[in-house]
Amino acid sequence: MEKKKPAGQPDKRQAIINGALALFARDGYTRASLDAIAAEAGVSNRTIYNHFNDKAELFQTVIQESTQRVADTVVDVIDRHLSKVVDLETDLVDLGLAWLAVLTSDLAPHFALIRQINAETEHIPPAALRLWQDTGPGRVRRELAARLRQIADRGHLTIDDPTRAAGHLMLLISADNLADRAMLNDKDEVTAMVSAGVHVFLYGYKR
């Protein structure tokens, strides 16, 4: 199907995307209707169709834009904490804490959206899933792997496969139980859990 050209004012399109993100994050892809999205965005159904061919295209756009914002933020966190390592363990703990802080930032609706995606993967358009994985987790893992490779090249870590090492670190500092603690603002427990995760990572990879 030929993609329609966006029409109308840019702020209407953004209102649709914002409304769709809120509904998809709350109700999931299957249950969120275009009628409800239009009401949330304060526009008519016709206005939605002026910008998007169907719900699948709107969902893919929401995924792309939301994931891009989150990935940009997390990559900035990685660069800020690992571009110049002073004390590796401290820097990795600080990285983990800053990473988890993103979960409770104004980007929180994105993570609610991802929980919905994980809950109904079989109903999500495959193109949207691929886009999310490549734009979000895939990009973040590649960036983290590159930083870990640089740290290893300076002699601080022993890493044969930086991509696998990045996956291990991501799991150890951003597991679901840590996210729950962050949501509860239990800072002491979050710090303890992240520190333990970093300790396990370094046990496996530090020279």
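For A182, state whether it is among the hydrophobic types (A, V, I, L, M, F, W, C) and at pLDDT 90 or above. In short, no. Screening region 164-179 for residues that are at pLDDT 90 or above and out of contact with any Lys or Arg (no Cβ under 9 Å at 6 or more places or on another chain) and picking the one that is surrounded by the most Cβ atoms within 10 Å (Cβ to Cβ) gives L169. The C-beta contact set for region 98-113 (first residue without any contact (Cβ under 8 Å) to a residue 24 or more places away in the chain, second residue open to solvent by less than 30 Å² (accessible area, probe 1.4 Å), distance under 7 angstrom, 6+ apart or interchain) comprises A98/V77.
The values are calculated or read from the model by the stated rules, or taken from the named source; none is laboratory data. Predicted model only: the values in this text are computed from it and were never measured. Counting neighbours? That spans all protein chains shown, and the Cβs are built from the backbone with ideal geometry, glycine included. With ligands, DNA and RNA removed, areas are computed over all heavy atoms of the protein, side chains included. Shrake-Rupley method; radii C 1.70, N 1.55, O 1.52, S 1.80 Å.
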